[in-house]
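Asks: What follows is a single structure, and I will ask about it in a moment.
The values are calculated or read from the model by the stated rules, or taken from the named source; none is laboratory data. Nothing here was measured: the structure is a model prediction, and the numbers come from that model. All Cβ positions, even for glycine, are placed from backbone atoms using ideal geometry, and neighbour counts span all protein chains on display. Protein only, heavy atoms only, side chains kept; ligands, DNA and RNA dropped before computing areas. Shrake-Rupley method; radii C 1.70, N 1.55, O 1.52, S 1.80 Å.
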Amino acid sequence: EIPEAIQPVTFQECCIPAFTNRTIKDVKCFGTCYNERACVDKLFPFHSAKEKAMFPSVHLTPDAKRKLRRECTTISSKMKSSPPMEWCQSTATTTMRDETNNRSARLVRGIPPAGCSKVSQGGGSGPFQHVLIFPSAKLAFCGIPKVGITQWEQFLRFYIGAKDYPSLPHYKLDREFFQFDGLDPMVQRRIWKEHTDDDDDDKEEEEWTWAAFIREPAERLLSAYLDKIKSKMGKQSYKWIDRSMTFEKFIDYLSKPYNSTRCGDNGRDSISGLSWCSDPHWRPQVYSCGISERLDRFQFIGDIHNAADQTRELLNHVGLWDSHGKHFINGGVKDSGRMCNVMSHPHNHTHHVGFQQKDEVSNSSAAKLTYGHSKGSKGKMEEYYTPELLRRVREELYADDYKLWKLVNGNGIKMSNGRELVSRLSSK
């Protein structure tokens, strides 16, 4: 069966999904285009009424928002500026089920709760900001900025049937319903929960698969600098970035100790020291999704440079490769210069290699629409790094990222299992 996203386009309009009941002026960038079902069917983007009922969004009162923002952005004795880095907390310490707390779900001890990105962006956005859920496959994918997250956002929209899935995905409202951080805390607990032999209630429900890709940290940091610092120099809205911000000076800023008691959303505070308050694009990868404390919860950890083999392995495991992954077509038919309403190619398009697969003719990645994010950092390492800078990044600033990446990279084209990685990290 051909996925809805690449079925013939018979509708030319864009609209805000009927389910949202929101009025947005920029319909092309925030709405769903070329799919009439999005305009008239209040189930969209869900596949059924049952699915919609199982994944309600959280609704916070103004007072609850204030309390959650304080909980997410305050550095205190309860939440220090960086995670404890235990890799494998005991189950007892992570089963924090305050069922009366409708504000947030504390899933892992020592790190901010889920839901922070709904009340604080940038610094203070929390560890679960980029977790995407695929309900029918029970897949929770931990997206990490500068590690291919844009492509996975596109794939999520392909999965829900958006015929403009090749568009810039980050502002599309239809994807919000499958963002882990925006779900009701009860649902977040259910998705995170592991099954144990003692849990009789779990006998009938299959456990969710958690997965993530990581990247060599020095390469990722350079990509973040080129994309988020160097490219912004001189622009009006980024006055705090002056033209003297060289890559070495950027690393010097990150090397400073973080000494604030509260996260700021942007400005120089976001690059002074590495902490929970750091911009997610250069925040350590192990701060994401509880990896630092519950690496064992992840059945799959991959290396972004082996994405072709490992993405296929992951999607095969959860049953999404044959239904969606192999049908994914990279790129689309542009309709405007803003990349907001890019129409999908028809299902019989010749460049049809599958999600994150390589084109056999050009041997290039099937990720041609990069929206300015791709800066070719892998090929610029020698230009920007001295041996000493490279040592500082790998051994000091991002030591835990580097240790984890080396183990994952050493596993070749096969994805790594979190529990196996924990045993190897613990033995070092």
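Asks: If you scan the range 1-21, which residues turn out to be open to solvent by 20 Å² or more (accessible area, probe 1.4 Å), closer than 19 Å to residue 134 by Cα and in contact with a Gly (Cβ under 6 Å, 6 or more places away or on another chain)?
Replies: 4
Asks: Another question, if that's okay. From the residues in the range 295-310 that are open to solvent by 10 Å² or more (accessible area, probe 1.4 Å) and acidic (Asp, Glu), which one is nearest to residue 349 (Cα to Cα)?
Replies: It comes out as 309.
Asks: If you check residue 229 against the conditions, is it modelled with pLDDT of 95 or more and crowded, with 19+ Cβ neighbours inside 10 Å?
Replies: Taking the combined requirement at face value, the residue does not satisfy it.
Asks: Quick one: how many residues across the range 180-205 are at pLDDT 75 or above and not hydrophobic (A, V, I, L, M, F, W, C)?
Replies: Adding up the residues that qualify gives 9.
Asks: Could you tell me which residue of the range 1-32 is farthest from residue 346 (Cα to Cα), considering only residues that are aliphatic (A, V, I, L, M) and touching a Cys at 6+ places or on another chain (Cβ under 7 Å)?
Replies: This residue is 18.
Asks: In the range 22-59, which residue that is open to solvent by less than 80 Å² (accessible area, probe 1.4 Å), more than 24 Å from residue 134 (Cα to Cα) and of a type outside the set (Asp, Glu) is modelled with the highest pLDDT?
Replies: So, considering only residues that are open to solvent by less than 80 Å² (accessible area, probe 1.4 Å), more than 24 Å from residue 134 (Cα to Cα) and of a type outside the set (Asp, Glu), the one modelled with the highest pLDDT is 27.
Asks: On the basis of being open to solvent by less than 10 Å² (accessible area, probe 1.4 Å), at pLDDT 90 or above and under 10 Å from the mean Cα position of the chain (by Cα), does residue 132 make the cut?
Replies: Judged against the criteria, residue 132 is a match.
Asks: Can you name the residue in the range 135-154 that is among the β-branched types (Val, Ile, Thr) and open to solvent by 10 Å² or more (accessible area, probe 1.4 Å) and is also farthest from the chain's Cα centre (by Cα) among such residues?
Replies: In this case the residue turns out to be 150.
Asks: If you take the residues in the range 311-334 that are in a helix (DSSP H, G or I) and over 17 Å from the mean Cα position of the chain (by Cα), which one is surrounded by the most Cβ atoms within 10 Å (Cβ to Cβ)?
Replies: Filtering the range 311-334 for residues that are in a helix (DSSP H, G or I) and over 17 Å from the mean Cα position of the chain (by Cα), the one surrounded by the most Cβ atoms within 10 Å (Cβ to Cβ) comes out as 325.
Asks: So how many residues does the range 7-35 have that are more than 24 Å from the chain's Cα centre (by Cα) and within 14 Å of residue 343 (Cβ to Cβ)?
Replies: 10
Asks: Moving to a separate point now. Just to verify a result, which residue in the range 36-51, among those that are farther than 23 Å from residue 329 by Cβ and not aliphatic (A, V, I, L, M), is nearest to the chain's Cα centre (by Cα)?
Replies: Ranking the qualifying residues of the range 36-51, first place goes to 46.
Asks: Related question: Can you pull out every residue in the range 281-299 that is of a type in the set (S, T, N, Q), part of a helix (DSSP H, G or I) and more than 17 Å from residue 217 (Cα to Cα)?
Replies: Selection gives nothing.
Asks: Name the single residue that is nearest to residue 121 (Cα to Cα) among those in the range 155-174 being in contact (Cβ under 8 Å) with a residue 60 or more places away in the chain and open to solvent by 10 Å² or more (accessible area, probe 1.4 Å).
Replies: The qualifying residue nearest to residue 121 (Cα to Cα) is 171.
Asks: Just to be sure before I move on: is residue 424 within 22 Å of the chain's Cα centre (by Cα) and surrounded by fewer than 17 Cβ atoms within 10 Å (Cβ to Cβ) in the structure I sent?
Replies: no
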